[in-house]
Structures are given as C-alpha cells and as structure tokens.
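Participant: The structure follows.
The values are calculated or read from the model by the stated rules, or taken from the named source; none is laboratory data. On a predicted model such as this, the values are computed, not experimentally measured, just so you know. Don't worry about glycine lacking a Cβ; one is built from the backbone with ideal geometry, like all the others, and counts go over all protein chains shown. When the accessible area is computed, the model is the full protein with side chains, heavy atoms only, and any ligands, DNA or RNA have been set aside. Shrake-Rupley method; radii C 1.70, N 1.55, O 1.52, S 1.80 Å.
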Amino acid sequence: MSETGSICVLLSFFIALYSFFISLIGVKKRNRIFIKSGENALISIFGLLLIAVISLCYELITLNFSLKYVALNTSTDLAVIYRFTSLWAGQSGSLLLWSFVLSLYSAIVVLWSKGKDWDFKPYVNATLAFVSLFFLLLITFIENPFEKLSFVPEEGRGLNPILQNGYMAIHPLTLYIGYVGLTVPFAFGMAALLSGKLDDRWVRNSRRWALFAWTFLSIGLLLGARWAYLELGWGGYWAWDPVENAAFMPWLAGTAFLHSIMIQERKGMLKKWNLILLIITFFLTIFGTFLTRSGIVSSVHSFAQSDIGPMFLVFIAFLLIFSFALLSYRMKDLESEDK
C-alpha cells in the first residue's frame, strides 16, 4: 500500500503541474479542449490523493513501522481510533490531508461549474491547481508521508498524549475543511482579476463557498477551545496561544469579507476592499499553517519541527506580491457604482 500511495502522490504533483499550465494555455488560445483537460486533471488529482490517504491510513492502523511517519506517530498500545487520527498528527500526514481536502474542493468546483458559461472559469482552475502544486511539492519531494526507514523498529514512538482526546479527533479535520475551503473564494477573486471580469458574478459564486468554509472554521475553533479547556487546563480557553490565535485571525478577516460582499452585491460598492479582505483572509490561512507546521514558534499546537519554513515564506511572499500587484493593475476597473 505504501508504494501505491507514494506513486499516487508523485502522479498528483505532475498532473497538478499539467492542469495549471493547460488551463492557462486553454484560456489564452480559447481552446475548450485544453480547458476541459485541465478540469479533468483536477478531478483525477482527487482520485489519486484519495488512494494515497487510504493507503496511509491502512499503514497507520496496521502499524507498519517500516514507514517513518507510522513509527513516529503510532505505537502498539495506541487505540485504533487514535491510529487513524495520527494521519494529521505529524508534518507529512497533515500536509497530505491539506492536499486531499483541496483536491476534493477542486473536484467539486469543477463538477459544480459544468454548464455554467463563466469567462473566468479556467483561471479558477489554474489558481486551485497552483495552490495544490505547492503542497504537493512539499509532500512529494520534502515531507513524503511514505518515506521508509532503513530498519524496522519493534515499537513506534506513539502519539503525543495531549492529542489523545476525542475533540482532537474532530477539531483538526473541521479546521482544515474551513482553512482549505477559503482557497475557493480566493480562486474566484484571482480569476476575476486575471480575466478582467470584475462584475458581481465572482462575488455571487464565491460567497457560498466562503460561508461554508467560515462555518467549519468556526466549529473547528470552538472544538479546539474546548479541547484546550479540558486537556490543558487553561480555564480561559484561549490563553493567547500564538497558533490558536493564528487560526482565529482568518476567521475574523473571513467574517469581515462575508459582511462586506453584501454591500457590493446590493450597491456595487467596496469592490477594492472586498478583494483586499479576500487576499488577507487567504494569506492568514497559509500563514497559520506555516506557524503550526514550521515549528517557528513555541506552542502546544506546534506538533512538528521541520525545514519547510523557508519554502512557506517564499510561497506567502509570492502570493502577497502577485495578488496586490494584480489588484493594483485592475484598480481603475474597481470603482464603486454608488456612494
């Protein structure tokens, strides 16, 4: 199963690369076959990553200690439910989960948009493929969850005791659905800027995705606060833990965005501000993931130490520079229709 999962991850990376370029070429040449091929590629990534996730879960449950990830995050005395939740307890597993959830969102967006004549649809697909490409790059070449050890230990290191809690079996998953889901409205916003189609269509189509992601992000934050209260004995729920607040910040920006876009829909105002809020919200989701997984801050929520921090910083810097440069380029087309 580990070989199957590793091959699926590798194929997903190259297919995401293909989807990104073929979508841009398709819209440039106005070639519907290329655009359709890019959409099919996004759907195939979901299928491949589903197999990869199932493969890793199988190795975790059956305690295949020949895999580095299994040996580091499980042990023979660990209950089956916590062997399964070890999927998101470590660095490479959580990155695989992020990639899988994003591939699910991407596939749903492609299937949901069938029959809809959007001029900016290929740009949505290209943006989703680009974000997927970054995370697939990490799990393919740097943090491979299917990496094997040179020897097979008799026992694994086990799961961090504070993660062996019922709330932690649900909290990270709901948080990820919220975190990753905010990529979809960001993709719609970038597609509007790239295509120059700056009417309210991107707002109407992205609002439901933003609301869905915001709902799960809210649930994830509440579950995490309850976990902190029970497991850590903070009493005050938050205790100003840096990573906990890093997850709270995109919720605040997302809440502002959901309220602000109603003004644009109804009165044609705040167009620039809505895109700024959208860029900031997505930036904060990536930044929160960076804090949790880079080990750059000391926190009870930082369960991983690795050297992927610089790559995250480069990705974040590129997102901010490109997004705001594109926004600046389209600034004249974003004037309010009312006062």
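Participant: Can you pull out every residue in region 76-96 that is over 14 Å from Met168 (Cβ atoms), surrounded by fewer than 23 Cβ atoms within 10 Å (Cβ to Cβ) and either touching a Cys at 6+ places or on another chain (Cβ under 7 Å) or not charged (D, E, K, R) (or both)?
Facilitator: Thr76, Val80
Participant: Follow-up. Would you mind finding the one in Ile45, Ile25 that is closer than 22 Å to Tyr105 by Cα and β-branched (Val, Ile, Thr)?
Facilitator: Result: Ile45 is the single residue among Ile45, Ile25 that is closer than 22 Å to Tyr105 by Cα and β-branched (Val, Ile, Thr).
Participant: For residues in region 8-26 being free of Cβ contacts under 8 Å to residues at least 24 places away in the same chain and of a type outside the set (Phe, Trp, Tyr), which is surrounded by the fewest Cβ atoms within 10 Å (Cβ to Cβ)?
Facilitator: Checking each candidate, the answer is Ile25.
Participant: For a quick check of your reading of the model, give me the residue pairs whose first member lies in region 77-93 and is within 12 Å of Leu63 (Cα to Cα), whose second is open to solvent by 50 Å² or more (accessible area, probe 1.4 Å) and at pLDDT 85 or above, with beta-carbon atoms closer than 7 Å and at least 6 apart or on different chains.
Facilitator: Hits for this filter: Val80/Ile61; Arg83/Ile61; Phe84/Ile61.
Participant: Follow-up question, since we're still on this one. I need the full set of residues from region 16-69 which are outside any helix (DSSP H, G or I) and of a type in the set (Val, Ile, Thr), in order please.
Facilitator: Thr62
Participant: Here are some residues: Ser55, Ser37. Which one is surrounded by 20 or more Cβ atoms within 10 Å (Cβ to Cβ) and at pLDDT 90 or above?
Facilitator: Sole residue among the options that is surrounded by 20 or more Cβ atoms within 10 Å (Cβ to Cβ) and at pLDDT 90 or above: Ser55.
Participant: Of everything in region 211-230, what is of a type outside the set (Lys, Arg), more than 14 Å from Gly181 (Cα to Cα) and surrounded by fewer than 17 Cβ atoms within 10 Å (Cβ to Cβ)? Give them in sequence order.
Facilitator: Of everything in region 211-230, those that are of a type outside the set (Lys, Arg), more than 14 Å from Gly181 (Cα to Cα) and surrounded by fewer than 17 Cβ atoms within 10 Å (Cβ to Cβ) turn out to be Leu222, Tyr229, Leu230.
Participant: Same structure again: Go through region 252-274 and report how many residues are touching a Lys or Arg at 6+ places or on another chain (Cβ under 8 Å) and within 20 Å of Phe324 (Cβ to Cβ).
Facilitator: Result for region 252-274: 2.
Participant: Sticking with this one: Find the residue count for region 140-184, including only residues that are without any contact (Cβ under 8 Å) to a residue 60 or more places away in the chain and part of a loop (DSSP other than H, G, I, E, B).
Facilitator: So the answer is 4.
Participant: Related question: Any idea how many residues of region 173-192 are closer than 16 Å to Phe290 by Cβ and open to solvent by 10 Å² or more (accessible area, probe 1.4 Å)?
Facilitator: Total meeting the criteria: 4.
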